[in-house]
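Data first, discussion second: the structure below is written as structure tokens.
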Amino acid sequence: MECIDQLIASVRPGTVSEVLVGCFTTCVTANDTGLASTLKPAAHSGTGLPDAGNLAGQDVRQLAAYASRDNLLAASVGIAAINSDVRKAELPFRNGNARELLVEKGAGTTLGMIGHFPFVARVREQFRDTLVFELDPQAGDLDASQIQDRLGEADIVALTATTLINHTFDQVMAAVREDACVVMLGPSTPLNPVLFDFGVDALCGSLVVERNRAFEMIRQAAPFRCLEGIEHVMLLKEDVR
């Protein structure tokens, strides 16, 4: 949890003006607007969001601390709160997306993917081998239980940022080969250089550029890949250090 603790500690003061927990995406607006995937507890658990109805008006650092909770809804809100403190004017963002970066950095090598991303079929032919690890494997995927045994074969790793929400980040990173390139991607990705201290080499996330349009679509259960009002950007360790 040290990574989560450092991310929480990096958040600057600010007042939360809105929290939206959508079917697929969670949003927190404070200094800026941050996104995260909405991870839900098992349907039979009856576990909701702590302090629901009283989150607006809190200091965003209080919500950021939710990222360390075991409650998946709370952790989703916590990551969105961390992501609401993006330093747009201070960091050297690049335009582009994770699929392009993975091919640029790793074409011809072995790609390991933590999560079955929609672009898997489009990039397979660019790599010598592709290992896709999934909790709910599709045809050709490996079960997530094989991460510890097989992820070390990968020269480049595509790591879903939901590992920060479900607190599997440390476990997955322990299985990554020391010389492998790690790219974190997905709507939950904090565009925060803190992650470079924990073995991540590139961050592929999103900025909200048209908040009203993005929120409207999130309220109407648009999946993340269909969202409008956001911009996909990258932050590379090589550009910051």
Rank these for me by crowding, LEU151, LEU91, going from fewest to most other beta carbons within 10 Å.
LEU91, LEU151
Additional length obtainable on full extension of the chain from LYS40 to ALA9, 0.36 nm per residue less Cα span
8.7 nm
Treating cross-link reach as a plain straight distance, find the lysines whose alpha-carbon is under 23 Å from the alpha-carbon of LYS105, omitting any fewer than eight places away in the same chain.
LYS237
Least to most buried among ASP179, ASP141 (fewest other Cβ within 10 Å first)
ASP179, ASP141
Specify the inter-centroid distance of the range 130-161 and the range 80-114, based on alpha-carbon positions, in whole Å.
19
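What length, rounded to one decimal in nm, is gained on full extension from ASP51 through to ARG211, with 0.36 nm per residue of separation minus their alpha-carbon distance?
My answer for the length gained is 55.2 nm.
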Pop the C-beta distance of LYS105 and SER17 into the FRET formula with R0 = 35 Å and round what comes out to the nearest 0.05.
0.40
Structure-based [θ]222 nm, the chain - -39500 (n - 2.57) summed over DSSP H runs of at least 4, per residue, nearest 500
-6500 deg cm²/dmol
Counting only GluC sites (Glu not before Pro) that sit in a DSSP loop (anything but H, G, I, E, B) with at most 15 other Cβ atoms within 10 Å, what is the longest stretch of the chain containing none of them?
1-89
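Rule-based calculations on the coordinates, nothing more; no lab input. All values reported here derive from a predicted model rather than from experimental measurement. Note that each Cβ is placed from the backbone with ideal geometry, even for glycine, and that neighbours are counted across all protein chains shown.
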